[in-house]
Amino acid sequence: MKDNWGFVFAAYGFAVIVLGGYWRRLMRLERELQKASRRPRSGRRP
Amino acid sequence: VAALLAGLGMTFGIAPREVTQGNVQRIFYLHVPSVLTAYLAFSIVFVTSLGYLVTRNLAWDRWAGGAAEIGTIFTALTVISGAIWGKPTWGTWWTWDARLTSTAILFTTYLGYLLLRAVVEERERRARLAAVLGIIAALNMPIVHFSVLWWRALHQPPTLLTPAPAAVSGVITLVFAVNFVAFALLFVYLLAKRVRISRLADELLPG
């Protein structure tokens, strides 16, 4: 049977894109929430 | 990251070229650890959903929501890598075989679970409904796993996690084990991060 390296790289490439994309999304969400939690709440303004 | 790199290195450097399928069989080291990680994630959804219904503590719900989200991603990886593997070996990207169909049902069920979490705004109600669905959805996992034994299927029977000793070589089992450990560690890392984000969100937007 042919080696079909193209299929192998497509599968691994897809996995890297999906998992990397999800990880980046989590990092962005975490940064935004941390920034928001440090911001003073509007009700507490003098 | 080190475990993932070790897994990749072993997949392409140490694992032997399979006799009948050739190098395309290397997709096995991505496909099977992905589905086992999804099983792990959905088992956590099951346990934490029960935990929420018993205690009504929202911390259980945060674990369930996070595990379901990541489990759904690993199920998508399973389906897509399986389709990519199927084309050169079976001659088709997709067939309505018992294993493929039950996995597609598993995937859509957890997509529905995530949709439910996204549309119900009231926090306690969302947790309660999601917990019930999280328990029901997990019942599909044994059907997915044993479908290839219960029905005549194009998909091969389980290579690992079978009552009989595994009929694969030691090197293949070792490379598979390293990849599975790497995926499980990645899952734990992503889950911890997802739960932390949910806790921060709950603190900022209570209710």
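Under 21 Å of direct C-alpha separation, and excluding same-chain neighbours fewer than eight residues apart, B:Lys193 reaches these lysines: A:Lys35.
Compared with the dominant Cα axis of chain B, that is its longest principal axis, helix B:98-119 is turned about 20°.
Qualifying GluC sites (Glu not before Pro) in the stretch B:36-133, where qualification requires a DSSP coil assignment and no more than 14 other C-beta atoms within 10 Å, comprise B:Glu121, B:Glu122. Taking Cα atoms, how many degrees apart are the long axis of helix B:123-138 and the longest axis of chain B, rounded to 10 and kept between 0 and 90? Approximately 30 degrees, to the nearest 10.
Just going by the charge dipole of the protein assembly as shown, with Lys and Arg at +1 and Asp and Glu at -1 on Cβ, which of B:Thr109, A:Leu26, B:Ala201 is farthest out on the positive end? About the Cα centre, the residue reaching furthest to the positive side is B:Ala201. Straight-line reach from A:Lys2: taking Cα to Cα under 15 Å and skipping same-chain neighbours fewer than 8 places apart, the aspartates and glutamates in range are B:Glu18. Each Cα pair under 8 Å and six or more residues apart adds its separation to the average, and for chain B the resulting relative contact order is 32 percent.
Packing, taken as the mean count of other beta carbons within 10 Å per residue, orders the peptides B:26-37, B:187-198 from highest to lowest as B:26-37, B:187-198.
What chymotrypsin sites (Phe, Trp or Tyr not before Pro) in the stretch B:57-128 are in a loop by DSSP, with at most 14 other Cβ atoms within 10 Å of the Cβ?
Values: sites: B:Trp60, B:Trp63, B:Phe74, B:Trp85, B:Trp90, B:Trp93, B:Trp94, B:Trp96, B:Phe107, B:Tyr110, B:Tyr113; in loops: B:Trp93, B:Trp94, B:Trp96.
The qualifying sites are B:Trp93, B:Trp94, B:Trp96.
Cβ-to-Cβ counts within 10 Å put B:Asp97, A:Asp3, B:Asp61 in ascending order as A:Asp3, B:Asp97, B:Asp61, the fewest first. Directionally averaged projected area (the protein assembly as shown, Cα convex hull): 15.3 nm². Once both labels are positioned 7 Å from their Cα atoms along Cα-to-Cβ, the gap between A:Lys35 and B:Ala6 label points is 3.7 nm. Ranking of B:Leu139, A:Leu26 by neighbouring Cβ atoms within 10 Å, starting from the fewest: B:Leu139, A:Leu26. Between 0 and 90 degrees, the angle of helix B:170-204 with respect to the longest Cα principal axis of chain B falls at about 20 degrees. Dipole magnitude for the stretch B:1-135: about 60 debye, using +1 per Lys or Arg Cβ and -1 per Asp or Glu Cβ, origin at the Cα centre.
Here, each number is a calculation from the coordinates, and none is a lab measurement. Only a predicted model underlies this, so the values are computations on that prediction, with no experimental measurement involved. Because the Cβ atoms are built from the backbone with ideal geometry, glycine has one as well, and the counts that use them run over all protein chains shown.
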